[in-house]
């Protein structure tokens, strides 16, 4: 397996540390790196990476907009957000833009390696900091569909809810998360029971109101 990786981060020392970490694995090849958001798309075209490790706070063009552009023009390239920020809003924005994974810099190199392994298996991945942020925002959100004091959903249930809300079938969700179809169905039933809803429309409306997906 040859995983071609593009590093996009404006902190040179951090990029150098990532390169050293990644090049310890003979299956990984760092094909390019940049600290300028304006160079990312050109490097993506020129080097054909498998994965782009993307900082959010990039000069020139921010990581969210770049992720959206990569998803639109290079759909086979996986974007892993590698960010200082663990806020639920940043996590949500990167996932909505098309990122396959989100890792905070505070989590360390082991989490990035787990994220790379996951996306190479066509799975999504959130590091513990990002998962906690999303879960906290979700549990604290209000709205007509769920009171703030209502039941909490687990991290996997949140993932399934997000994918249901953007229109994926249970079979597609199972493939994306690399879990059994029967497991997806169990999660869907549990989500509906916890939220006291009985339709995909209601689940979608709930996800939008609580900021888990964008309204389209």
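Some notes on this structure:
- Verdict on residue 44 being in contact (Cβ under 8 Å) with a residue 24 or more places away in the chain, crowded, with 20+ Cβ neighbours inside 10 Å and touching a helix residue (DSSP H, G or I) at 6+ places or on another chain (Cβ under 8 Å): yes
- Among the residues listed as 15, 45, the single one being in a helix (DSSP H, G or I) and at pLDDT below 95: 15
- Within segment 61-93, being in contact with a strand residue (DSSP E or B) (Cβ under 9 Å, 6 or more places away or on another chain), in a loop (DSSP other than H, G, I, E, B) and touching a residue at least 40 places away in the same chain (Cβ under 8 Å) holds for one residue alone: 86.
- Meets criteria (at pLDDT 90 or above, closer than 20 Å to residue 11 by Cα and in contact with a strand residue (DSSP E or B) (Cβ under 8 Å, 6 or more places away or on another chain)) for residue 104: yes
- Summed over segment 18-36, the residues that are in a helix (DSSP H, G or I) and out of contact with any helix residue (DSSP H, G or I) (no Cβ under 6 Å at 6 or more places or on another chain) give a count of 4.
- Scanning segment 1-17 for residues that are in contact with a helix residue (DSSP H, G or I) (Cβ under 9 Å, 6 or more places away or on another chain) and either buried (at least 18 other Cβ atoms within 10 Å of the Cβ) or over 19 Å from residue 83 (Cα atoms) (or both) gives 1, 3, 4, 5, 6, 7, 8, 9.
Conditions tested, residue by residue: (1) modelled with pLDDT of 90 or more; (2) in a helix (DSSP H, G or I); (3) surrounded by 15 or more Cβ atoms within 10 Å (Cβ to Cβ); (4) more than 15 Å from the chain's Cα centre (by Cα).
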{"site": "113", "(1), (2), (3), (4)": "yes, yes, yes, no"}
{"site": "122", "(1), (2), (3), (4)": "no, no, no, no"}
{"site": "133", "(1), (2), (3), (4)": "no, yes, yes, no"}
{"site": "142", "(1), (2), (3), (4)": "no, no, no, yes"}
{"site": "146", "(1), (2), (3), (4)": "no, no, yes, yes"}
{"site": "160", "(1), (2), (3), (4)": "no, yes, yes, no"}
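- Segment 65-102: number of residues that are within 11 Å of the chain's Cα centre (by Cα) and either under 15 Å from residue 50 (Cα atoms) or surrounded by fewer than 17 Cβ atoms within 10 Å (Cβ to Cβ) (or both): 9
- When segment 170-199 is limited to residues that are within 19 Å of the chain's Cα centre (by Cα) and part of a loop (DSSP other than H, G, I, E, B), the one that is modelled with the lowest pLDDT turns out to be 178.
- Residue count for segment 26-40, restricted to those that are without any contact (Cβ under 8 Å) to a residue 24 or more places away in the chain and farther than 16 Å from residue 67 by Cα: 1
The values are calculated or read from the model by the stated rules, or taken from the named source; none is laboratory data. This structure is a prediction, so every number in the text was calculated from the model and none was measured. Please note: Cβ atoms are built from the backbone with ideal geometry, for glycine as well, and neighbour counts cover all protein chains shown.
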